[in-house]
Amino acid sequence: MEAAMAITTKFCQKELEEYGGCVVSNPTSWQEKCQELKLRVAHCTSSHPVIRKIRSDCASEFSVFERCLQENQSSAEVCQSHLSRFLTCVETVDLSGVAHAAPQPS
């Protein structure tokens with residue numbers, strides 16, 4: 001989860017800051033008032049070229065990690081080895097040519 005947040009923060013910082021500001025400003029109604037901003041964060045994370053490349057190249061490792069989390073919801077630490085494999089994969093992804101690209105329309 002921390003790795004996903006770090007990647008999201010790096011490439012979708014503006015969207016996250018706007019969403020976070022909305023949530024803080026609307027403590028009792030943020031679910032309703034911040035829905036559009038939440039959708040912008042989701043769009044950014046699903047359309048940014050770097051995130052798309054990581055999802056593509058490390059899909060298998062991420063799927064195994066995600067399945068482990070679903071099967072071990074009360075003890076996520078069991079999935080640490082799967083997370084490590086995913087992060088190792090992320091570090092090997094060739095991001096040349098996509099690192100500074102703008103998000104693509106989806």
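The values are calculated or read from the model by the stated rules, or taken from the named source; none is laboratory data. Since the model is a prediction, treat every value here as computed from it, not as a measurement. Ideal geometry is used to build each Cβ from the backbone, glycine not excepted, and the neighbour counts take in all protein chains shown.
Return a yes/no flag: does the stretch 44-51 have any residue that is surrounded by 17 or more Cβ atoms within 10 Å (Cβ to Cβ), hydroxyl-bearing (Ser, Thr, Tyr) and at pLDDT below 90. First the steps, then the outcome.
The first filter runs over the stretch 44-51 and keeps only residues surrounded by 17 or more Cβ atoms within 10 Å (Cβ to Cβ), leaving 44-45, 48-51.
Filter once more, keeping what is hydroxyl-bearing (Ser, Thr, Tyr): 45.
Within this subset, residues satisfying the condition of being at pLDDT below 90 are 45.
Yes: one or more hits.
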Of all the residues that make up the stretch 90-106, how many are modelled with pLDDT of 55 or more and either surrounded by 10 or more Cβ atoms within 10 Å (Cβ to Cβ) or under 21 Å from residue 62 (Cβ atoms) (or both)?
-> 8
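Working only within the stretch 40-62, note down all residues that are within 14 Å of the chain's Cα centre (by Cα), among the small types (Gly, Ala, Ser) and more than 21 Å from residue 15 (Cβ to Cβ). Show your work before the answer.
From the stretch 40-62, those within 14 Å of the chain's Cα centre (by Cα) are 40-56, 58-59, 62; that's our starting set.
The next check asks that each one be among the small types (Gly, Ala, Ser); those that pass are 42, 46-47, 56, 59.
Selection gives 56, 59.
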Taking the stretch 52-89 and keeping only residues that are small (Gly, Ala, Ser) and modelled with pLDDT of 85 or more, one is left with 56, 59, 60, 63, 81, 84
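Please specify each residue of the stretch 31-87 satisfying the condition of being hydroxyl-bearing (Ser, Thr, Tyr) and free of Cβ contacts under 8 Å to residues at least 60 places away in the same chain. Talk me through it step by step, then tell me what you get.
Of the stretch 31-87, the ones hydroxyl-bearing (Ser, Thr, Tyr) are 45-47, 56, 60, 63, 74-75, 81, 84.
Once the filter is applied, which keeps residues that are hydroxyl-bearing (Ser, Thr, Tyr) and free of Cβ contacts under 8 Å to residues at least 60 places away in the same chain, the stretch 31-87 yields 45, 47, 56, 60, 63, 74, 75, 81, 84.
For the stretch 5-19, which positions are surrounded by 14 or more Cβ atoms within 10 Å (Cβ to Cβ) and either at pLDDT 85 or above or out of contact with any Leu (no Cβ under 9 Å at 6 or more places or on another chain) (or both)?
Kept after step one, since they are surrounded by 14 or more Cβ atoms within 10 Å (Cβ to Cβ), are these residues of the stretch 5-19: 7-8, 11-12, 15-16, 18-19.
Within the stretch 5-19, 7, 11, 12, 15, 16, 18, 19 qualify.
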